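Novice: Quick one: the structure is below, and I'll ask about it shortly.
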């Protein structure tokens, strides 16, 4: 949990979700945990990394665009997206990326 | 500074740098600030986002692979990379990505 994700060799996909939160929790932490658990159950999900200071960054890794599309359309996730826009986030940006190369220091 | 980066329309590139730090500062914060300042001066640099809890995530955005290559080879940045491996980081992973699509909520 919350360490550098052990993804397979590229190419694979990343979804970079960058956000600024509203002040109050309003169930946010419970939702975030549930979404991570739910993402873990999706086919083609390969890992997640997240950190928050005033800015929050969550990067999830996926086998292909089809897996990302299915995750976006997951009904419970759709509800969280709606609540996100109305309650939890001041603003956010989502970027869908093809990871072309990677290297690491361990 | 440290808000959702205002990048132009895709396609463009992202470098996702995920790391776990060692315990002591040893000049880390000064270096991190300097590297952000220096990145800002590079041609083709389009923004940066970062957050750290136990895991640190920094995503920088670039016009093309050539800009990323030049930044990687910047002499002051190379020194920071060496010190990073010997002093500041327990481990890290770098992923070079093509940002294919993005959308936002403002």
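Novice: Which condition number in (1) in contact with a strand residue (DSSP E or B) (Cβ under 7 Å, 6 or more places away or on another chain); (2) surrounded by fewer than 17 Cβ atoms within 10 Å (Cβ to Cβ); (3) at pLDDT 95 or above is the one that residue A:36 fails?
Specialist: Going through the list (1) in contact with a strand residue (DSSP E or B) (Cβ under 7 Å, 6 or more places away or on another chain); (2) surrounded by fewer than 17 Cβ atoms within 10 Å (Cβ to Cβ); (3) at pLDDT 95 or above, residue A:36 breaks only (3).
Novice: Within segment B:34-46, is there a residue that is more than 7 Å from chain A (Cβ to nearest Cβ), assigned to a loop (DSSP other than H, G, I, E, B) and under 19 Å from residue A:53 (Cα atoms)?
Specialist: For segment B:34-46, residues more than 7 Å from chain A (Cβ to nearest Cβ), assigned to a loop (DSSP other than H, G, I, E, B) and under 19 Å from residue A:53 (Cα atoms): absent.
Novice: Determine which member of the set A:64, A:102 is out of contact with any helix residue (DSSP H, G or I) (no Cβ under 8 Å at 6 or more places or on another chain) and more than 21 Å from residue B:56 (Cα to Cα).
Specialist: Testing whether each residue is out of contact with any helix residue (DSSP H, G or I) (no Cβ under 8 Å at 6 or more places or on another chain) and more than 21 Å from residue B:56 (Cα to Cα) leaves just A:64.
Novice: Write out, first by first residue and then by second, each pair whose Cβ atoms fall under 6 Å of each other, whose residues are 6+ apart or on separate chains, and whose first residue, in segment A:2-16, is within 7 Å of chain B (Cβ to nearest Cβ) while the second is surrounded by 13 or more Cβ atoms within 10 Å (Cβ to Cβ) and not in a strand (DSSP E or B).
Specialist: A:2/B:55
Novice: Right, another one. Report every pair of residues separated by at least 6 positions or lying on different chains whose Cβ atoms are under 8 Å apart, first residue within segment B:86-106 and within 7 Å of another protein chain (Cβ to nearest Cβ) and in contact (Cβ under 8 Å) with a residue 40 or more places away in the chain, second in a helix (DSSP H, G or I) and buried (at least 17 other Cβ atoms within 10 Å of the Cβ).
Specialist: Here the result reads B:92/B:84; B:96/B:68, each pair linking segment B:86-106 to a residue that is in a helix (DSSP H, G or I) and buried (at least 17 other Cβ atoms within 10 Å of the Cβ).
Novice: For the structure I just gave you, tell me whether residue B:72 is within 12 Å of chain A (Cβ to nearest Cβ), part of a helix (DSSP H, G or I) and closer than 25 Å to residue A:6 by Cβ.
Specialist: yes
Novice: So which residues in segment B:14-30 are closer than 17 Å to residue B:48 by Cβ and outside any helix (DSSP H, G or I), if there are any at all?
Specialist: Listed by number, the residues that qualify are B:14, B:15, B:16, B:17, B:18, B:19.
Novice: To continue, here is another question. Identify all residues within segment A:49-69 that are in a helix (DSSP H, G or I) and buried (at least 16 other Cβ atoms within 10 Å of the Cβ); write none if there are none.
Specialist: Hits for segment A:49-69 are A:67, A:68.
The values are calculated or read from the model by the stated rules, or taken from the named source; none is laboratory data. The structure displayed is predicted, hence computed values, not measured ones. Here Cβ is always computed from backbone atoms with ideal geometry, including for glycine, and neighbour counts include all displayed protein chains.
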